[in-house]
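So that we are looking at the same thing, I have put the structure below in structure tokens.
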Amino acid sequence: MIINKKTIISAFLSVFLLGLMFSCENQNETSGEKQSSPSKGSHPKLIITKAGVEKIRAELGNIPIFDASLQIAKDEVDAEIASGIDTPLPKDFSGGYTHERHKRNFFMLEKAGLLYQILDDEKYAKYVKDMLFQYEAMYKDLPVHPQTRSYARGKLFWQCLNDSNWLVYASQGYDCIYDYLSAEERAKLENNLFRPFADFISIGNPQFYNRVHNHSTWGNAAVGMIALVMDDDELLHRALYGIEDDGIDANAKDNDGGYIKNEDGKAGFLANLEEPFSPDGYYTEGPYYQRYAMYPFLIFSEALNNVKPELKIFEHKNGVLLKAVNALLNLSDADGDFFPLNDGQKGMSYYSKELVTAVDIAYLHGSKNPELLSIAEKQNRVLLDDSGLAVALGIKEGAAKPFEKKSINFSDGPLGKQGGVAILRDNDVEVVFKYAAQGLSHGHYDKLSFSMYESGQEVIQDYGLARFVNIEQKGGGNYLKENKTWAKQSIAHNTIIQNEGSHFNGKYDIGSQHHSELSFYDFDKDGIKVVSAHEANAYPGTMLKRTMALISDPGFEQPYVLDIMAVTSNQTNQYDFPYYYLGQVMETNFEYTTPEILKPLGAKHGYQHLFVEGHGKANDGNAKLSWYHAGRFHTITTVTNAQDEVFFTRIGANDPEFNLRKEPGFMIRKNKVKDAVFASVIESHGSYSPVSENAVNSHSHIAEVKVVYNDADYTAISIKDIQGNIKTFIVCNNEVSNEKQHELVINGSTFQWTGSYYFN
């Protein structure tokens, strides 16, 4: 499409004249009535504004990333207009035709509305109008959705969550054509469609709407967005503060087992802005759901900022929404994929539409951080509104700077006192250490778990969710039963399991009451990044303490990970400690046997989903496993004794519908002990080229790892490389302070240091 100055001037004059006509009409309609606030009767005003439209039209043809985004939207909407409007009778789960058709429709309502404003082409306004009136005609007689799985069924979709998606986007389309419609047409849409729609997802479904959860955030934003378009103060109050006296059963739960009724009774958009976010911007459900929730959070906030600036929404909770965008970008690997904490789907990244929205809005309202422009350049598209224009102009002017990801610690909980997540980074190696709260109903039972990445490739993986999102053949695109029986269970994660039972016995009621505690972290020293945390409630009478260090050493090609899990208990237990690696086994230093018939490792708590592919006794000293994956070699060297058992496992037992990924694991088991220390070093080393067929540096550089001291006060590990060099790491188990001085004698050698740990 070619947009010239003559077209822009003509469009500009048309908008000016239309503005005069509507101004006169509004004056006539409100004569003798109480005067409206400046925002009322002035459309568009939510995301794209009248002033923004003028600026965009003045720049068209001269802002490459915006022009390209506009052309993509135009091509998409033009194709939809040509194919005709379809609003089928709802019947399908996610992935089915009716679900996907109504989903596509709400995207088109928003995009066509924006195209009408930017291009001043009436065909887009007519398309939005015609589609809205088709929905108006069907909505008044529309029953609840025939699929009964959801705790809160929608009408257009199988759950109210998706109905709320529809209203958030449809509100933007309606805002864009508001002045195109007559007063009678607006009244018909509002009385027969928008107001009943808002009432249904809120008053009609308080168990969905009146809670702290990403679902209700969408519901609150939906009601709030349409309230702002219609200038409905009652709906806006409902959006911000929830429903009073909702009558929800305090013991009611959603389909994921989470309580619907909040203990403190708080609800509404502002409560959802307060409770799930820590002061650092971490969202307790994890980055996958933070990504999903950021769209309604930011879209509604920008609308509030434009229409109700007196609320100062972007300053709420010390600017937590803008911090949340930075947090979310930091919760991604080198390729931009979000770390799959809790119910997280692998591959979701900052290239998603939600993060385009987040980056653009955060740039416009967050002091125009030039690092965000480099993310926008990678995304290669912008929003077709005021914030997208700001980003496009910043990129055009060459203001972009690289977004630097460094080691960082995020607190969890509304006050930042419910554990957290730490990310250790050095030279393309990333260690993600989770010591967070439960994460609401999307949380997993994996206290003190971790995952490891190198250059965006998983080295030690977290499984994430068990779901094929929007793939109809797999449970209607919804969560599979294996999400509860496998993915949420502790054995599915890289953490300690006691007596083959999940943390908190796999009970949401118990897990949601507790969180791990940070002992300390230190990211300021060259050559070593350290974090340590402990968990006292996963198993009654047992204390878990894990310390992870990312160490850079001149004798090693890449930084290596030192992992120390110390367990103390008031009784004798069995402890299992798995590592879920990806790739092909290269070599081991211990003997094992492989069975002719594969059998599950256990009967419940996820053990029923693990085949045993190999079993043996560990060495008295170290057990070593090396594997190859994605062109690189990796090795775990872990401290063991002759009584320990080792297992090679494979996910997929008791999985007749093949819902689980068939991935390997390596597990160390200690039997009949009260206290134990699992100490391991994980290396990434060497490479292999299938073209040259050369393997380089394919063997481990670790000669020996030892636990040289362990008591209630200190745990000390020595690491010896193949050159004979020895490093000693000592972590303080009790006296955690940057100023505290320590002295410890180990095997005749005296170690003195100040702080929470020693390394040399």
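Is one or more of the residues making up the range 346-364 among the charged types (D, E, K, R), assigned to a helix (DSSP H, G or I) and crowded, with 24+ Cβ neighbours inside 10 Å?
Checking the range 346-364: at least one residue is among the charged types (D, E, K, R), assigned to a helix (DSSP H, G or I) and crowded, with 24+ Cβ neighbours inside 10 Å.
Mind counting the residues in the range 488-535 that are farther than 23 Å from Ile423 by Cα, in contact with a His (Cβ under 6 Å, 6 or more places away or on another chain) and part of a strand (DSSP E or B)?
1
Follow-up question, since we're still on this one. Out of all the residues in the range 528-551, is one or more over 18 Å from Val731 (Cα atoms) and among the acidic types (Asp, Glu)?
Scanning the range 528-551 turns up no residue that is over 18 Å from Val731 (Cα atoms) and among the acidic types (Asp, Glu).
If we keep just the residues of the range 148-167 that are charged (D, E, K, R) and more than 17 Å from Arg211 (Cβ to Cβ), which is surrounded by the fewest Cβ atoms within 10 Å (Cβ to Cβ)?
Residue satisfying both the conditions and the ranking: Arg149.
Quick one: which strands (runs of 3 or more DSSP E) lie wholly within the range 671-724 and hold at least 1 residues that are within 14 Å of Met565 (Cα to Cα)?
676-685, 702-710, 714-721
Taking the stated definitions as given, is Asp446 acidic (Asp, Glu), over 19 Å from Ser349 (Cα atoms) and in contact with a helix residue (DSSP H, G or I) (Cβ under 9 Å, 6 or more places away or on another chain)?
The answer is yes for Asp446.
Please specify each residue of the range 393-434 satisfying the condition of being touching a Gly at 6+ places or on another chain (Cβ under 7 Å) and polar (S, T, N, Q).
Asn409, Ser411
From the residues in the range 488-542 that are surrounded by fewer than 21 Cβ atoms within 10 Å (Cβ to Cβ) and of a type in the set (Lys, Arg), which one is nearest to the chain's Cα centre (by Cα)?
Once the filter is applied, the top-ranked residue is Lys507.
Would you check which residues across the range 563-589 are within 30 Å of His534 (Cβ to Cβ) and touching a Gly at 6+ places or on another chain (Cβ under 9 Å) and list them?
If the condition is that a residue be within 30 Å of His534 (Cβ to Cβ) and touching a Gly at 6+ places or on another chain (Cβ under 9 Å), then Ser569, Asn570, Gln571, Pro578, Tyr579, Tyr580, Tyr581 are the ones that fit.
From the set of residues in the range 400-420 that are hydrophobic (A, V, I, L, M, F, W, C) and farther than 26 Å from Asp553 by Cβ, which is farthest from the chain's Cα centre (by Cα)?
For the range 400-420, the residue satisfying everything is Ala400.
Only one of Ala137, Ala170, Ala79, Ala125 is surrounded by 24 or more Cβ atoms within 10 Å (Cβ to Cβ) and in a helix (DSSP H, G or I). Can you tell me which?
Exactly one of Ala137, Ala170, Ala79, Ala125 is surrounded by 24 or more Cβ atoms within 10 Å (Cβ to Cβ) and in a helix (DSSP H, G or I), namely Ala170.
Among residues belonging to the range 343-399 that are basic (Lys, Arg) and under 20 Å from the mean Cα position of the chain (by Cα), point out the one that is nearest to Asn478 (Cα to Cα).
Looking at the filtered set, the residue picked out is Lys346.
Let me ask something else about it. So Val325 passes all but one of these: (1) touching a residue at least 60 places away in the same chain (Cβ under 8 Å); (2) under 20 Å from Glu430 (Cβ atoms); (3) among the aliphatic types (A, V, I, L, M). Which condition number does it fail?
For Val325, the exception is condition (1).
For the range 480-487, does any single residue satisfy the condition of being more than 24 Å from the chain's Cα centre (by Cα) and in a loop (DSSP other than H, G, I, E, B)?
no
While we're here: Among the residues of the range 148-186, how many are under 15 Å from Ala198 (Cα atoms) and among the aliphatic types (A, V, I, L, M)?
6
Inspect all residues belonging to the range 101-110 and state whether any of them is modelled with pLDDT of 95 or more and farther than 25 Å from Ile47 by Cβ. It would help to see each step written out before you state the result.
Within the range 101-110, the subset modelled with pLDDT of 95 or more is 101-110.
Then drop every residue that is not farther than 25 Å from Ile47 by Cβ, which leaves none.
There is no residue in the range 101-110 that is modelled with pLDDT of 95 or more and farther than 25 Å from Ile47 by Cβ.
Just checking, does the range 306-324 include any residue being closer than 26 Å to Ala170 by Cβ and among the acidic types (Asp, Glu)?
no
If I ask for residues that are modelled with pLDDT of 95 or more and either exposed (fewer than 10 other Cβ atoms within 10 Å of the Cβ) or not in a strand (DSSP E or B) (or both), which ones from the range 734-744 would you list? Show your work before the answer.
From the range 734-744, those modelled with pLDDT of 95 or more are 741-744; that's our starting set.
The answer is Glu743, and nothing else.
Please work out if Leu393 is assigned to a loop (DSSP other than H, G, I, E, B) and surrounded by fewer than 20 Cβ atoms within 10 Å (Cβ to Cβ).
Spelling it out, it is not the case that Leu393 is assigned to a loop (DSSP other than H, G, I, E, B) and surrounded by fewer than 20 Cβ atoms within 10 Å (Cβ to Cβ).
Which of the following residues is at pLDDT 95 or above and over 23 Å from Gln134 (Cα atoms): Leu193, Leu228, Leu189, Leu236?
Sole residue among the options that is at pLDDT 95 or above and over 23 Å from Gln134 (Cα atoms): Leu236.
Pairs needed: first member in the range 708-733, under 15 Å from Thr750 (Cβ atoms); second member anywhere, of a type in the set (Phe, Trp, Tyr) and in a strand (DSSP E or B); C-beta distance under 6 Å; at least 6 residues apart or different chains.
Ala716/Tyr709; Ile730/Tyr714; Ile730/Tyr758
For the range 370-390, enumerate the residues that are surrounded by fewer than 19 Cβ atoms within 10 Å (Cβ to Cβ) and in contact with a helix residue (DSSP H, G or I) (Cβ under 8 Å, 6 or more places away or on another chain).
Pro370, Glu377, Asn380
Does any residue of the range 445-452 turn out to be outside any loop (DSSP other than H, G, I, E, B) and in contact with a Pro (Cβ under 9 Å, 6 or more places away or on another chain)?
Taking every residue of the range 445-452 in turn, at least one turns out to be outside any loop (DSSP other than H, G, I, E, B) and in contact with a Pro (Cβ under 9 Å, 6 or more places away or on another chain).
The values are calculated or read from the model by the stated rules, or taken from the named source; none is laboratory data. The structure displayed is predicted, hence computed values, not measured ones. Counting neighbours? That spans all protein chains shown, and the Cβs are built from the backbone with ideal geometry, glycine included.
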